[in-house]
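Undergrad: The structure that follows is given in the form of structure tokens.
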Amino acid sequence: HATKKKMADHLRKLEAMFTITPQRMRMIVEAFKDTLEAGLQKPAQVVPMIPTYVFGWPTATETGEYLAVDLGGTNLRVCLVRLTGGGKFEITQSKYRLTEEQKQEDGQKLFDFCGECLKVFIDVNIENGEITKGKILPLGFTFSYPCSQDRIDHGELIRWTKGFGAPNTEGRDVVTMFRKSLALHGVPAEIVALTCDTTGTLIASHYVNPATKIACIFGTGCNAAYMERVGDIPKIAHLGIDPDAQIAINCEWGAFDSFEHEHLPRTKYDIMIDESSNKPGEQAFEKLISGRYLGEILRLVICQLIDEGTVFLGQNTYKIEIPYSFDTAFLSLMESDPTDELLMIIGIFTHFFALETTLAERQFFRALAKLVGRRAARLSACGIAAIVSKMGYLEEGCSVGADGSLYNKYPGFAERIHEGLQDIFGEKGRNVVTHHAEDGSGIGSAIVAAMTKIRK
Ligand code: ADP
């Protein structure tokens, strides 16, 4: 009984810590808007608001065969995309898992691995008749880490995110590095465009749903992109581009509130994650939202309860004490467990952590998952609201293409974003609707490659 009361007390405290009120959300939105504006004004701001050199929306008449390579946070994906016009496409793809070691080894070696996988993929597709032998295919490279670009086929990595730390890469042009790897493995491909998954998602979503004005990714990391008027980007005024032209902006909004930590309500668990991360201070917004961290937040709360002797007394807890051992997918499973006994949660704890749980503990863990998941969705709503408000999209309404495992698989994530938007904007918040986006790093990257070729 004493334990039960202790847990109830804990839950109340945690609820207070992880709940974000509508008023607080509106304050975050205002600060977020100012930060987005600052990023457009001057280079090298906290949220860098990167011009992507993708000009305007696709017309749905883009056609041809393209390769797309996506160096994601968890996987490497290579695709063959056939754009057949009229907004239609076919896609063939392979995925390769990246190991933690690969993310930390020399950058050139990482790109060499990508080149090697692409070579294997092309060879297989030549064999089965999908690709014509001897043909050099245009390639769209999706590299979803902040890069500074001054043209579409070039990009210097500003800094690694999402747990990557490969040395000899920051500050260098990743297209040049990847071209070197393609040459090394004799890959018949020409890199024509460098994009990030978010920009690709923006373009691909608009390709099939022209009401799309914003794209968001909620995966290992978290980011957004939208289309901005060149004349409203003072920091590129010197380039002499037509001020009425539209250019896609890769916000890199995961960096919002980094270093100063003025605006986002961080709990002690968030601070622990930040301080023990390989990039303390950075990606402050992302660390509260993205798939890489949500499981870890929950794990840290559980570890504290273990230390206090509130849960798992007398059991060997070494497995759950391993950092990042608690996958965010477990939160999804816990929240969606349909049984009264919470059998799914029993399964997770016995199978992955060799721990027995009581029903009260399982209910507690589920409530905790809900707090962490709900906070992530509501903070995501703040980011979306900042762009909507800045661009004046609220009255006419807009569609937000969203992708990533968190958005696609976490039960209720989209509903919680929509709820958050109404908490911020009132009834009018209903005018902003998220929908599952088209595959940005495959289809989107191919469309961007096609748009680039048409412009040339
Ligand atoms: P990436 O961002 O690497 O391109 P994803 O969009 O698949 O790829 O995101 C992977 C992240 O999503 C990981 O952090 C993982 O923990 C998390 N994730 C995977 N499956 C689920 C799920 N069912 N529910 C919530 N999060 C998940």
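The values are calculated or read from the model by the stated rules, or taken from the named source; none is laboratory data. A quick note: this is a predicted structure, and the numbers were derived from the prediction, not measured. Here the Cβ positions follow ideal geometry from the backbone for every residue, glycine too, while neighbour counts run over all protein chains shown.
Undergrad: Taking the range 195-204, which residues are within 15 Å of the ligand (Cβ to nearest atom) and assigned to a helix (DSSP H, G or I)?
TA: D197, T198, T199, G200, T201, A204
Undergrad: For the list (1) in a helix (DSSP H, G or I); (2) surrounded by 13 or more Cβ atoms within 10 Å (Cβ to Cβ); (3) more than 23 Å from the chain's Cα centre (by Cα), I need the number of the one condition that T357 fails.
TA: For T357, the exception is condition (1).
Undergrad: To continue, here is another question. How many residues does the range 149-164 hold that are outside any loop (DSSP other than H, G, I, E, B) and among the aliphatic types (A, V, I, L, M)?
TA: Final tally of qualifying residues: 1.
Undergrad: L288 fails exactly one of the following numbered conditions: (1) in contact (Cβ under 8 Å) with a residue 40 or more places away in the chain; (2) in contact with a Phe, Trp or Tyr (Cβ under 8 Å, 6 or more places away or on another chain); (3) farther than 19 Å from I447 by Cα; (4) of a type outside the set (S, T, Y). What is the number of that condition?
TA: Here L288 meets the rest and fails (2).
Undergrad: Taking Q149 as the residue in question, decide whether it is among the polar types (S, T, N, Q) and within 22 Å of the chain's Cα centre (by Cα).
TA: Yes.
Undergrad: Does F143 satisfy being buried (at least 22 other Cβ atoms within 10 Å of the Cβ), away from the ligand (no atom under 16 Å from the Cβ) and among the aromatic types (F, W, Y)?
TA: no
Residue-by-condition table, conditions (1) more than 24 Å from D9 (Cα to Cα); (2) within 12 Å of the ligand (Cβ to nearest atom):
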position	(1), (2)
L298	no, yes
Q304	no, no
D307	no, no
T310	no, no
N316	yes, no
K319	yes, no
Y324	yes, yes
M334	no, yes
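Undergrad: Now for a separate question. Residues to consider are L157, L110, L139; find the one that is over 20 Å from the mean Cα position of the chain (by Cα), within 30 Å of A237 (Cα to Cα) and not polar (S, T, N, Q).
TA: Unique residue meeting the criteria: L139.
Undergrad: Another question about this same structure. Can you pull out every residue in the range 94-124 that is closer than 29 Å to H206 by Cβ and exposed (fewer than 15 other Cβ atoms within 10 Å of the Cβ)?
TA: The one that is closer than 29 Å to H206 by Cβ and exposed (fewer than 15 other Cβ atoms within 10 Å of the Cβ): K95.
Undergrad: Could you please let me know if T220 is at pLDDT 95 or above and either in contact with a Gly (Cβ under 8 Å, 6 or more places away or on another chain) or within 16 Å of the ligand (Cβ to nearest atom) (or both)?
TA: It is false that T220 is at pLDDT 95 or above and either in contact with a Gly (Cβ under 8 Å, 6 or more places away or on another chain) or within 16 Å of the ligand (Cβ to nearest atom) (or both).
Undergrad: While we're looking at this one, here's another question. For residues that are of a type in the set (D, E, K, R) and surrounded by fewer than 24 Cβ atoms within 10 Å (Cβ to Cβ), scanning just the range 376-407, find the one that is farthest from M7 (Cα to Cα).
TA: In this case the residue turns out to be E396.
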